[in-house]
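One structure is given below, encoded as structure tokens.
The values are calculated or read from the model by the stated rules, or taken from the named source; none is laboratory data. Note that this is a predicted model, so its numbers are computed, not measured. So basically every Cβ, Gly included, is an ideal-geometry build from the backbone, and we count neighbours across all protein chains shown. The protein model used for the area step is the full one, side chains on, heavy atoms only, and it has no ligands, DNA or RNA in it. Shrake-Rupley method; radii C 1.70, N 1.55, O 1.52, S 1.80 Å.
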Amino acid sequence: MSDCLFCRIVRGEIPATKVYEDELVLAFKDIRPVAPVHLLVIPKRHIESLVTATSDDAEVLGRMFSVIGKIAAEQGATDGFRTIVNSGRVGGQEVYHLHAHVIGGGAQLPAMIKY
Ligand code: 5GP
Ligand code: ZN
């Protein structure tokens, strides 16, 4: 996906404040943070969304979620955080390269969504 925003960040074509990187996963600061710690954790390989992810993506999805705790603590979310994966239209996804928001580092977050 040559014109995908987050693929371009992976390739270094658009600057981002990177906080973690391995061979599968990249984490960087969200450009519009909603809390003192607001990170985006993404697969380096383009995966559109959890709507379209399959078992072929299991390794990278496992990696994403297994490194989040360490990254969050290193960035200052030492007393818990919230992980959000907006997926598809109803989920409010804006960037169609799968990403987990990691939000914390401040006061207790508001309660879960009420519908
Ligand atoms: P979504 O609504 O798709 O779950 O979240 C997309 C997130 O990407 C938003 O929180 C937005 O602030 C962030 N974002 C959009 N463009 C950029 C960018 O160029 N750089 C960074 N670091 N974050 C971005
Ligand atoms: Zn992409």
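So the values come out like this:
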| read-out | value |
| --- | --- |
| Residues with amide H under 5 Å from that of VAL19, placed H, sequence gap 5 or more | ALA27, PHE28, LYS29 |
| Around VAL10: net Lys/Arg minus Asp/Glu count, Cβ-Cβ under 11 Å | +3 |
| Anchor LYS70: aspartates and glutamates whose Cα lies under 16 Å away (excluding residues fewer than 8 positions away in-chain) | GLU21, ASP22, ASP79 |
| Karplus-derived 3J(HN,Hα), 6.51/-1.76/1.60, for each residue of the range 38-53, Hz, glycine and proline x | 9, 10, 10, 10, 10, x, 5, 7, 5, 10, 5, 5, 5, 5, 10, 4 |
| Volume per residue of the C-alpha convex hull in the range 5-104, rounded to whole Å³ | 94 |
| Where the chain is the region considered: accessible area per residue in Å², 1.4 Å probe | 61 |
| 222 nm mean residue ellipticity, helices alone, for the chain (DSSP H n ≥ 4; -39,500 (n - 2.57); rounded to 500) | -7000 deg cm²/dmol |
| Probe 1.4 Å - accessible area at GLU21, Å² to nearest ten | 100 |
| Sequence-distant residues sharing a close amide H with GLN93 (under 5 Å, placed H) | SER87, GLY88 |
| Centre separation in Å (Cα based) which lies between the range 46-88 and the range 14-29 | 13 |
| The range 89-100 - phi-based ³J(HN,Hα) in whole Hz, Karplus 6.51/-1.76/1.60, Gly and Pro as x | 4, 5, x, x, 5, 9, 10, 8, 10, 3, 8, 9 |
| Whole-number percent relative contact order across the chain, with pairs defined as alpha carbons under 8 Å at least 6 apart | 29 |
